[in-house]
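Read the structure below first, then the notes.
The values are calculated or read from the model by the stated rules, or taken from the named source; none is laboratory data. These numbers come from a predicted model, not from an experiment. Cβ atoms come from the backbone with ideal geometry, glycine included; neighbour counts cover every protein chain shown. In case anyone asks, the SASA skips ligands and DNA or RNA and just uses the protein heavy atoms, side chains included. Shrake-Rupley method; radii C 1.70, N 1.55, O 1.52, S 1.80 Å.
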Amino acid sequence: MGDIATMFYQVQVPRSDRDCLRFFWWPNADLENDSVAYRLRVHPSGAVSSPSCASFALKQTAKDNSELYGEASCEVVKKCFYVDDCLVAVSQEQEAAHLIKSTTALCREGGFHLTKWLSNSHEVLQTVPIEERAKDIRELSMENQNLPNEQALGVYWFVESDSLGFKVNLPKQSATRRGILSVTSSVYDPLGIAAPFVLKAKILLQSLCRRGIGWDEEIKGEDLTIWNQWLSEVKELDQLRIRRCYKPPGFGKVVSCQLHIFADASEVGYGVAAYLRLGNESGQISCSLVTGKARVAPLKNMTIPRMELTGATIAVKFGKVLTRELDFNVDSTYYWTDSITVLRYLANERCRFNTFVVNRLAIIRDASSLQQWKYVNTKSNPADCATRGQSVKKLFQCPMWFEGPAFLSEPESECLSKIQI
C-alpha cells in the first residue's frame, strides 16, 4: 500500500480555467483594507473537480510512459489507485519489490511522489528506503518487531496477520433516532463482513420511524433495552477478523474459480452473500466471503415473495460488479435462493406479471440465465443470516457466513447436483 503526497497540488490548472478558482484575500487579516484577488494555479483539496482531474493526470502519466516502464506498472496505476491511495497484491515478494520501484518511478514522470509504502512482508519493506516507508514503521526493526495496524481505504488492515477487521470507537450519543443513526453509521463496513449484526440497529431505526418517533425524542422501554444490548455487543467487533487473501497459505495454483451468490429475504429485511470458490491442482477447494449486504424491508408493507425477488435482483447486480472487478478469471457464476416462487417466476415466460415483478425479472434475466439459478434450502443459505439480524456472538459461531455452506467445499459435480430443484 502506498500514497501520493499532496496529489492535488501536483496538478496544475490551465490558465484559461483559473478564474473558476478565484478568491479574495485580506492582507494581515485586516478587513478594513481592500481585498486582493488571487487565482489558484493548482487543484485544491476542497474543489469537487480535484479528484477527477488529478486521477486523469495520473492515468495520462501511465499512458504516456507505458513503453518505458512496462505493462505491469501501468496496470497498477490504471486499476489499483483510489485517488491518491495505491493498493495492490502480488504473489511473489521479488515481484512486489520490483513493482514498488517501477511504479514509484513511473509516477515521478508526472510529478507525483508515491511514498508511505507498507507491506505485510518484512522482506519487501527492507527494499524500500526508510524515508519512503509509512510513518509508523520507519523506526521499526524488520527482524524482530511486528508491523502496526493500518487503515486501507477506511478498512482496518492488521498487517502482521494480514487480516481485515474492525477497531470500533463509537461517539457518545443520546438514545434518540438521531443518535442511533449517528452511531450506526460510524461502523464502517463496506465489505459487509458484519452486515447481519449492523442490520439489528437498522431494524430498530426503521421501527422508530414507522411509529413516528421524533428525531430528538428519547427512546424508552423495550426500544432502549434493544439499543443498549446492541451497544454492549458492538465492542466485540474488535475481535472479528477475516483473511485478507481469498486463497489460504500454500494453496498453490488456482485452476478453477467460481462465484456463488446467495439471496434471501424475510419480513424485516433482505440480504445477499457472495463467495469465491477456488480449486487448485490437487483438487482442494477453498471458499471465502467476498462481500455481504443486509437491507431493511421498505416501510411500505411488501409480501415475502416480492422481498425474495428484490433480494435476487440485488444478487445479480452484485454478480455483475464482482465479475468485473475481481482479478480472478471467474469461470462461472451461480445464484442461489431458497424461494421456489422466484425460480418459478424466472422459468415462466408465458404469464403476464404486474409491473413490480416484470421490472425485476427484466434485470435478472438481462444479467443471468435460468441455468445459473439454483435452489438451496434455508438452513444451507448463508444469506439467511443477513435477513433478520444477529448478535456478534452468534455471528462468531456461524462459520457458514464467512466460509459459505458446507456443500460448496465438495467436488463440483456433487455441489451442483445435490441441491437443485
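Dividing the alpha-carbon radius of gyration of the chain by the rule-of-thumb value 2.2 N^0.38 Å gives 1.16. Each peptide among 20-29, 370-379, 330-339 gets the average number of other Cβ atoms lying within 10 Å of its residues, and from highest to lowest they stand as 330-339, 370-379, 20-29. Placing pseudo-labels 7 Å out from each Cα toward the beta carbon at Asp327 and Lys59 gives an inter-label distance of 2.0 nm.
Shape of segment 143-297 from the C-alpha gyration tensor: oblate (a/c of 1.5 or more and a/b not above b/c, with a ≥ b ≥ c the square roots of its eigenvalues). Taking every protein chain into account, the accessible area of segment 241-309 amounts to 42 square angstrom per residue (probe 1.4 Å). Taking only protein heavy atoms and a 1.4 Å probe, the accessible area of segment 45-145 is 50% carbon and sulfur.
FRET efficiency for the Thr341 to Glu217 pair, using the beta carbon distance and R₀ = 41 Å, is estimated at 0.55. Computed packing ranks the peptides 198-207, 238-247, 44-53 as 198-207, 238-247, 44-53, most packed first, by mean other Cβ atoms within 10 Å. The portion of the accessible surface of segment 204-262 made up by carbon and sulfur, rounded to a whole percent, is 53 (1.4 Å probe; DNA, RNA and ligands excluded).
Under 11 Å from a label point set 7 Å out along the Cα-to-Cβ vector of Arg350, no amide N atom of segment 265-308 is found. With R₀ set to 25 Å, the beta-carbon distance separating Val42 from Lys135 gives a calculated FRET efficiency near 0.55. P(r) tail, segment 292-419: Cα-Cα pairs separated by more than 17 Å, 63% of all pairs.
In the chain, the longest principal axis of the Cα atoms and the axis of helix 195-210 are about 80 degrees apart. Summary of packing: across the peptides 66-73, 116-123, the per-residue average of other C-beta atoms within 10 Å ranks them, highest first, as 116-123, 66-73. Please determine, in degrees from 0 to 90 and to the nearest 10, the orientation of helix 355-367 with respect to the longest principal axis defined by the Cα atoms of the chain, where the helix direction is its Cα long axis. Once rounded, one gets 60 degrees.
The stretch between Val255 and Ser121 holds 45.7 nm of extra length on full extension. This uses 0.36 nm per residue minus the Cα-Cα distance.
Extending 7 Å from Cα along the Cβ direction at Ser182 and again at Cys209 yields two label points whose distance is 1.9 nm.
Summed over the residues of segment 13-64 and divided among them, the accessible surface reaches 74 Å² per residue at a probe radius of 1.4 Å. Over the Cα atoms of segment 264-334, the radius of gyration divided by the Kirkwood radius equals 1.09; this is the Rg/Rh ratio. A 1.4 Å probe run over the protein chains yields, for segment 143-224, 52 Å² of accessible area per residue, whole-number rounding. The fraction of accessible area contributed by carbon and sulfur in segment 310-399 is 47 percent, rounded to a whole number (1.4 Å probe; ligands and nucleic acids excluded).
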